[in-house]
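Here the structure comes first, spelled out in structure tokens, and everything after it is commentary.
What follows draws every value from the coordinates through simple rules; no lab data is involved. This structure is a prediction, so every number in the text was calculated from the model and none was measured. Neighbour counts run over all protein chains shown; Cβ positions are idealised from the backbone, glycine included.
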Amino acid sequence: MMASLGWFFVFGLGLAGQPHLITKMMMNKEMTDNRTILPMSLFGYVMAALLWISIGIVMRAAVIDGVVPPLALPDDAASVFLSVFANPLLAGVVFAGLFAAIMSTSDAFLNIGTAAIIHDIPKSVRGKSIDNELFWARVVTIILAIVAASFALYSHYRDATLVAILGAFGWGTFAASIFPVVAVGLKTGGALPLRAP
């Protein structure tokens, strides 16, 4: 029971503490726009999450009933489900959306990491930004992408479960470090009260 509750908080609060989502919410002209955009985003996320959770349940039932042979890896559930039960056109749209979401998230994290290394850290340490920021931002983006890809490949080939552990660690970090700061900041800032006045 405690493990289930822990996973709920890791992913529930970790979602609200993801830096790329917070950055996207801060791009609005008015903070009050988030009152409309946030519920719509949450509704889309809930529908997508229910879709992926239901795929796992359906594939488990299909394997138990003998409709589908046992999967070599649990990660194959979505692709096998789409290839067996879905129209090829629908499967193509889902895979395209999945790859777009992956690219969007990785792009956002690369931008955030580069901005922190090139702009935020030098400005806080030296009091001013580095010269020729655009050039160094491109260099750091390439270096970060190579380091992240190398680490992910090493983690996958060393032990496939390590990737899942790293993902849970990342979500836990978001839940523990970023979410409380954002929640307190929104509450004390007065722009978005956490409860109705």
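Tabulated results
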{"quantity": "Of all residues making up the range 121-144, the number that are within 17 Å of P19 (Cβ to Cβ) and within 22 Å of the chain's Cα centre (by Cα)", "calculated": "3"}
{"quantity": "Residue ranges of helices (runs of 4 or more DSSP H) in the range 1-76 with at least 1 members β-branched (V, I, T), touching a residue at least 40 places away in the same chain (Cβ under 8 Å) and surrounded by 10 or more Cβ atoms within 10 Å (Cβ to Cβ)", "calculated": "2-16, 19-26"}
